[in-house]
Amino acid sequence: MQEPTVFIVDDDAAVRDSLTLMIEQAGMRVQSFENAKTFLNAYQPNFFGCVIIDVKMPGMDGLQLQEELAWRKILLPVIFLTGHGDIPMSVRAIKGGAIDFLTKPVIREKLLICVRAAFTEAKKRLSDATQNREITSCLTKLTRREREVMLLAVQGHSNKEIGSYLGISYRTVEIHKSKIMQKTGANNLLDLARIARESELSE
């Protein structure tokens, strides 16, 4: 896993310089951008860390940028920093998944605490995304019939019930289950239920 970076998006050059100095002095990597567009244009899928976003910016504002990140499925946790915050704005930001909503001028230690929390969240999101890709890869190996058997099995149906519902023999259900376990790497039915749940197959 690469070293995390703090990405700063703020149209105020003095704020960018001040934040950069604070964060670099704490031994962390920083990249700064003057607006949402330059950040989105520079974004690469291997970006890892968190993004500190000013709310009031010309063009796309901070809350719009947060929505754009979510729409693009960009996993970077967001910290808002603003001199013009209000309660409805902060509620919208937090509901949108922001780590925190800080006001300018920010206390250095409070900022660093938020950044460290955001890095922890970034690692979790990356781990979850990797796991989901692995699960999806496993499930693509299943045949249509195996997916049907798996869905019924995790819903708690017995082999006899599954066979009756699908019009196949008890023994055929057992064979399908064995292949499902092998292809998904599940150790038991509970493990299989977890895989189905995380892949949303059981929805």
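Rule-based calculations on the coordinates, nothing more; no lab input. Keep in mind the model is a prediction, meaning the values are calculated, not measured. For neighbour counting, all protein chains shown are included, and Cβ atoms are generated from backbone atoms with ideal geometry for every residue, glycine included.
List the lysines whose Cα lies under 17 Å from the Cα of Lys179, skipping any in the same chain that are fewer than 8 positions away. Within reach: Lys141.
Every pair of different Cα atoms in region 107-170 enters the Kirkwood calculation, which places the hydrodynamic radius at 15.2 Å. Phi-derived couplings, Karplus 6.51 cos²θ - 1.76 cosθ + 1.60 at θ = phi - 60°, listed residue by residue for region 36-50: 4, 4, 5, 5, 4, 5, 7, 4, 10, x, 8, 4, 9, x, 8 Hz, with x used for Gly and Pro.
Neighbours of Leu40 by Cβ distance under 11 Å: Lys/Arg scored +1, Asp/Glu scored -1, total +1.
Run lengths n ≥ 4 of DSSP H only: what is the helix-derived mean residue ellipticity at 222 nm for the chain, with -39500 (n - 2.57) per run over all residues, to the nearest 500? Write out the running numbers ahead of the final one.
Values: 9 runs with 115 residues, N = 203.
Helix contribution divided over all residues of the chain: -18000 deg cm²/dmol.
Shape descriptor for region 1-124: Rg over Rh equals 0.91 (Cα atoms; Rh from the Kirkwood inverse mean 1/r). A Förster distance of 30 Å, applied to the separation of the beta-carbon atoms of Thr20 and Glu134, puts the FRET efficiency at 0.25.
Here, region 58-174 is characterised by an Rg to Rh ratio of 1.27, where Rg is the alpha-carbon radius of gyration and Rh the Kirkwood radius. Our summary of shape: the Cα atoms of region 126-203 have principal axis extents of 42, 20, 19 Å, ordered from largest down, in whole angstrom. Averaging 1/r over each pair of different alpha-carbon atoms in region 84-127 and inverting the result gives 11.5 Å, the Kirkwood hydrodynamic radius. Taking 0.692 mPa s as the viscosity and 37 °C as the temperature, the Stokes-Einstein diffusion coefficient of region 10-83 based on its alpha-carbon Kirkwood radius rounds to 259 µm²/s. For Lys56, the aspartates and glutamates whose Cα comes closer than 13 Å to its Cα, not counting residues fewer than 8 places off in the same chain, are Asp10, Asp11, Asp12, Glu34, Asp86. Size of region 51-98: Rg and Dmax of its alpha carbons, in Å, are 9.9, 28.
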